[in-house]
Amino acid sequence: MRNVRQLLSGDDVIQLVVRLGLLALLAIWTFIVIRPFVPILAWSGVLAVAFYPAFNWLTKLLGGRPKTAAVILTVVNLAIVVGPATWLGLSAVEGVRQLAGELTAGNLAIPSPPEQVREWRIVGPKLYEFWGRASSNIRTVLREVAPYLKPLAGTMLTLAGSAGVGTLKFLLSVLIAGFLFPYGPQLVSGGRRLLSLIVHEQSEHLLDLAGATIRAVSQGVIGVAVVQALLAGIGFKMAGIPSAGLLAFGVMLLTIVQIGAAIVLFPVIIWIWMDKDFTTALLLTLFLTAVGILDNILKPLVMGRGLTTPTIVIFIGVIGGTLAHGIVGLFIGPIILSVAWELIAAWIREDRSQPAPNSL
C-alpha cells in the first residue's frame, strides 16, 4: 500500500478520481438514455432465442438464405401481433375500462340467476336459491367495499391506457428480433465470452441452460397461454359473452401463472347452457373444453425440457414485470426471473458438487 501511495502523487489521485467520476457519470447517463428501450431489447432477445430453431429450419429450407428467412419470419410474427393479438388486446382494454367504470361508480355486482335455472331438473331449484342468496350477499359486500376499490380503478385505467404504447413496443421488438436472427452465432459467441469473464468454468453450460429456459418458458408457458387465450376469445365471441376480450385475457393470465383456465371457462360454459339452445351449447362446450385441456397437450410437445422453475417465481415475474414495464413486462417478467432462478440453481448445484479443498 505504501508503494502505491508513493507511486501516486496528489495530482495523479485527483486525475484518477475525476476519471472514475466521469466514467460513473457516463455509465449512469447511458443507462438513463437506454432505460426506456430495455423492455423492447429484452423482448427482442427472447423472441430471437425462442424462434431461432424455426429460423434455422427456414434458412435450410430456402437453401441457405438467412436474410430471406428472417424477413419471412418477421412478417409472420408481425401478422400475429397486428392481427389476433391486437384484437385480443383491444377487447381486453375495453373490458378493463368497463370494469373500472363500474368500480368508480360503485355499480359492480353479481347478476341475479336467470329464471330458467329454476326449471332445471334435480339441481335447478337448489342452485337458483343458492345463486340468489350469493348474489344478494355479494352485492351488499361490494357496496361496502366499493369506496376502497376506487383507487384500483385508477390503476386499471392506467394499464389500459398504456395498451397503445405496449402494442408499439411489441411491434418494435418483432422488428428488432428480425434483425437479430442472421447474427445469432455471433451474438451467442459474444455472450459466451462475456459470461466466461464471470464464471469461466461454467460459461458454456450456463449459456445453454439460459437458452433452453428462455425457449421453455416462452414457448411452453407464454406461447401456449397466448394460443389458448386466442382460441378461448374466439369461443367467447361466438357465444356472445359480454367482455369476451377481458375473459380471454384472464385465461391467458391464469395459464401463465400455472393456475389453469378452468376458473374462467367453467362459469362461461354454465352461462352458455342457460342462454343458448341445446345444439349450440353442446358445440361451444366441446370447443371450450378442448381449449381448456389444450395446455396439457401442447406443453409436452413444445417444451424440450421439463420446467423446474417454481410457480411462485413465475407468478412474481408476472406481477413484478407488469408493474415495472406494463403489458410487455407481463411476458418479460416470468422469463427473466425463470432464467435467473435456473442459472442460480445450477450455479449452486455446481458449487456443492465440487469437493472441498484439502486443508492438510
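Some values worked out for this structure:
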item	result
Filter result for residue 235 (at pLDDT below 80 and out of contact with any His (no Cβ under 8 Å at 6 or more places or on another chain))	no
Among the candidates 288, 294, 282, residue that is crowded, with 19+ Cβ neighbours inside 10 Å, over 28 Å from residue 37 (Cα atoms) and modelled with pLDDT of 80 or more	288
Residue in the stretch 238-248 that is of a type outside the set (Ser, Thr, Tyr), part of a helix (DSSP H, G or I) and in contact with an Asp or Glu (Cβ under 7 Å, 6 or more places away or on another chain) present	yes
Filter pass, residue 246 being within 22 Å of the chain's Cα centre (by Cα) and either of a type in the set (Phe, Trp, Tyr) or farther than 26 Å from residue 328 by Cβ (or both)	no
Filter result (of a type in the set (A, V, I, L, M, F, W, C), buried (at least 18 other Cβ atoms within 10 Å of the Cβ) and touching a Leu at 6+ places or on another chain (Cβ under 8 Å)) within the stretch 228-251	229, 230, 231, 232, 236, 239, 241, 246, 248, 249, 251
Residue match in the stretch 92-100 (condition: β-branched (Val, Ile, Thr), more than 22 Å from residue 214 (Cα to Cα), modelled with pLDDT of 85 or more and part of a helix (DSSP H, G or I))	no
Check on residue 243, on the phi > 0 side of the Ramachandran plot and modelled with pLDDT under 80	yes
Qualifying position, being at pLDDT 80 or above, over 29 Å from residue 338 (Cα atoms) and part of a helix (DSSP H, G or I), among 47, 23, 58	23
Single match in 289, 279 (criterion: among the polar types (S, T, N, Q), more than 30 Å from residue 344 (Cα to Cα), out of contact with any Pro (no Cβ under 8 Å at 6 or more places or on another chain) and free of Cβ contacts under 8 Å to residues at least 24 places away in the same chain)	279
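The values are calculated or read from the model by the stated rules, or taken from the named source; none is laboratory data. Values in this document were obtained by computation on a predicted structure and should not be read as measured data. Backbone-built Cβ (ideal geometry, glycine too); neighbour counts: all protein chains shown.
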